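The values are calculated or read from the model by the stated rules, or taken from the named source; none is laboratory data. Everything quoted here is computed from the prediction, not taken from an experiment. Note that we place each Cβ from the backbone using ideal geometry, even for glycine, and neighbour counts take in every protein chain shown. Quick note on the areas: whole protein, heavy atoms, side chains included, nothing else; ligands and nucleic acids left out. Shrake-Rupley method; radii C 1.70, N 1.55, O 1.52, S 1.80 Å.
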Amino acid sequence: MTETRRLCLVLGDQLSLDLASLDGLDPERDVVLLVEVMEEASHVPHHPQKITLIFSAMRHFAHALRQRGFRVQYVPLDEPQNTGSVPGELRRWQSLLHPQELHLTECGDWRLEQSLKDCGLPIQWHGDTRFLCTRDQFAAWAEGKKQLRMEFFYREMRRKNGLLINGDGSPVGGAWNFDAENRKALPKGITAPYPARFSPDAMTLEVVALVKERFPSHYGSLETFDYPVTQTDAQALWDYFLDYGLAAFGDYQDAMASNEPFLFHARISAALNIGLLDVRQLCSDVESAYWSGRIALNAAEGFIRQLIGWREYVRGVYWLKMPDYASGNLFGNTRPLPAFYWTGETKMNCMNHAIGQSLEHAYAHHIQRLMVTGNFALLAGIAPSQICDWYLAIYMDAFDWVELPNTLGMVMHADGGYLGSKPYCASGQYIKRMSDYCRDCAYKVSESTTDTACPFNSLYWHFVMRHSNVLRSNQRMGMVYKNLDRMPEPKQQALWERGEALLARLDAGESL
Ligand code: FAD
Ligand code: SF4
């Protein structure tokens, strides 16, 4: 065998030929290493579809590399010599191949990156150029700021990348943000496009069998797996969204509807996060769709904001604040995650739908994650680490850099408001306005203190009352506390008692 010059380890969420560590790869003298390891597949009970996606996409990527003439060492999960961890495999292959250099692109998980830095090997690290903002650039932007705001970061990113910017540097349409035009509820008679589906090929079916056998205790269905596992299919999913979803995404970005798990959302986050799509291309396609008159500005701006605003922003916060960020717990929550998060068995129709579709498809869209399952965890005072682990496990697109700030910061406000200026707490009225869930619910959204009252209503006020000492001084919560202060004492008392009763039921291990 030819002597190995470089050994390039490619992780399961780095499946892009443009990866920085693959730059200048020499098919004659370099080796690409891909490893399926138990530690990464099981450090939280990942949804079986997520494990399938990653292993299958890795196998397809290895195949594509080999077809291009590259030397690839692929370690399947059940190979007898597999050490079970990424650092273990890197050490093993280092001693088998004796490469002159080891190359690796920075990871998407602080824990894994640290374990590789600690593994005693002289790794040459590369920045992850799949993102628009480097870790250092974000740190420079954040320097000296007591609190960060996504909106200001987003404007910088728009300017820097020249997206939806007029010749004089002003934003197209005269405003940076058309968020207010992204919040329509779904009117009757409007239906979502039929979701694009990708039938598993033989390679994926092999992985499905492996996952079934090796991860039988992980929650979530495997039968409905229909995600793209190659760049070609991911591109087809994206093209489908451009043709059939994007135009309505602008108006109905925040809407929720029973039996419509995807609505006008792209479902591309998993493919994007593992490297099958390129964020620059996505933004450019969306901008072109706007300039060609195919979509309105609120759709184009709204989508680009998610990609170059929120997505890059949460990554920046993660790398700036880890590892301390993970232990944030502003409200001192200790309540364990209710068991129904793993089964969907609850009479709350909104939770039943949001959790149910997450188990079925490893997917829920942003508002379901933020304002239904997340909102409930916030109001019920769930321990941040437990709800974070749930999100990390259950969603196909969940990697620590993106899941943690969204959950711990945006949803749980556990970082003390570093990422977002106020908690996204809401009563059942918000869910009623943005969905049709309440219509078929065992609880009554119009009631707050009766036995049949919507749990979100009393838990919302219970949360507001119990954290008054922390939140009352937050300007953006001013109106909420004004409303509380105007509320007659007996009403406050009744809300508190109903909230206490619901929390006691959770503590007793009951479902609601
Ligand atoms: P669309 O609604 O079509 O949006 C387009 C794209 O914008 C997404 O594909 C995604 O790449 C990006 N995007 C939108 N919002 C965000 C955001 N807040 N952070 C990062 N990217 C964003 N997204 C993940 O990719 N992985 C996660 O682990 C994850 N965890 C989340 C946890 C919570 C509690 C919340 C509230 C949000 C989380 N998000 C996460 C963000 C968002 O919910 C998903 O990106 C989105 O639902 C993916 O579906 P889609 O591709 O259909 O997105
Ligand atoms: Fe959810 Fe409350 Fe509406 Fe039921 S009534 S669906 S629990 S918001």
Sorting Arg158, Arg68, Arg466 on solvent-accessible surface, 1.4 Å probe, most exposed first, gives Arg68, Arg466, Arg158
Shape descriptors of the range 357-512 over alpha-carbon atoms, Rg and Dmax in angstrom, are 15.7, 46
The Cα extents of the chain along the principal axes, largest first and rounded to whole Å, are 82, 58, 49
Quick calc, Gln100 & Tyr244: beta-carbon distance into FRET formula, R0 30 Å, rounding 0.05, result 0.05
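Contact order normalised by length for the range 1-87, with contacts defined as Cα pairs under 8 Å and 6 or more residues apart; what percent is it?
Value for the range 1-87: 38 percent.
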Expressed per residue, the solvent accessible area of the range 6-126 in Å² (1.4 Å probe) is about 38 Å²
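Quick one: net charge around Asn82, please, counting Lys, Arg +1 and Asp, Glu -1 for every other residue with C-beta under 9 Å from its C-beta.
-3
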For the range 339-507, the accessible surface attributable to carbon and sulfur atoms (probe 1.4 angstrom, ligands and nucleic acids excluded) amounts in percent to 50 percent
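How much of the accessible area of the range 211-258, probe 1.4 Å, is carbon plus sulfur, in whole percent?
Heavy-atom surface of the range 211-258 belonging to carbon and sulfur, 1.4 Å probe: 46 percent.
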The correct ranking of Thr191, Thr224, Thr204, Thr2 by accessible area at 1.4 Å, largest first, is Thr191, Thr2, Thr224, Thr204
Calculated from DSSP helices alone, with each H run of at least 4 adding -39500 (n - 2.57) and the total divided by the residues of the chain, [θ]222 nm to the nearest 500 comes to -13000 deg cm²/dmol
Per its Cα gyration tensor (rounded if a/c is under 1.5, else prolate when a/b beats b/c, else oblate), the range 307-351 is best filed as oblate
Under a 1.4 Å probe, counting only protein heavy atoms, His126 has an accessible area in Å², nearest 10, of 50 Å²
From most to least accessible, 1.4 Å probe, no ligand or DNA/RNA atoms counted, Lys422, Lys50 line up as Lys422, Lys50
Checking rank on 18-24, 300-306, with mean other Cβ inside 10 Å and highest first, the result is 300-306, 18-24
Taking Cα pairs closer than 8 Å and at least 6 residues apart, the relative contact order of the range 61-134 in percent is 24 percent
Expressed in square angstrom to the nearest 10, the accessible area of Asp233 with a 1.4 Å probe stands at 50 Å²
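Leaving out ligands and nucleic acids, and using a 1.4 Å probe, what accessible area per residue does the range 339-507 come to in Å²?
On the way: 6070 Å² over 169 residues.
Roughly 36 Å² per residue, with all protein chains present.
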Scalar couplings 3J(HN,Hα) for the range 154-159 by Karplus 6.51 cos²θ - 1.76 cosθ + 1.60 (θ = phi - 60°), nearest whole Hz, x for Gly and Pro, are 4, 4, 4, 5, 4, 4
As a percent rounded to 5, the proportion of antiparallel DSSP bridges among beta bridges in the chain is 5 percent
For the range 335-437, listing chymotrypsin sites (Phe, Trp or Tyr not before Pro) in a DSSP loop whose Cβ sees at most 16 other Cβ atoms within 10 Å gives Tyr424
Note on the chain: contact order normalised by length, alpha-carbon pairs under 8 Å, 6 or more apart, percent, works out to 16 percent
Under 21 Å between C-alpha atoms, the lysine pairs in the range 339-507 lying 8 or more places apart or on different chains count 6
Rounded to the nearest 10 Å², the accessible area of Met203 using a 1.4 Å probe with every protein chain kept is 60 Å²
Expressed in nanometres to one decimal, the distance between label points 7 Å along Cα→Cβ at Thr450 and Asp226 is 4.0 nm
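With the full set of protein chains in place, find how many percent of the accessible area of the range 84-204 is carbon and sulfur; take the probe as 1.4 Å.
Heavy-atom surface of the range 84-204 belonging to carbon and sulfur, 1.4 Å probe: 52 percent.
How long are the semi-axes of the equivalent ellipsoid of the range 6-126, taking √(5λ) for every eigenvalue λ of the Cα gyration tensor, in whole Å from largest down?
The three semi-axes for the range 6-126 are 21, 17, 14 Å.
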Along the dipole axis of the range 339-507 (charges at Cβ: +1 for Lys and Arg, -1 for Asp and Glu; origin at the Cα centre), the most positive-end residue among His353, Asn375, Cys425 is Cys425
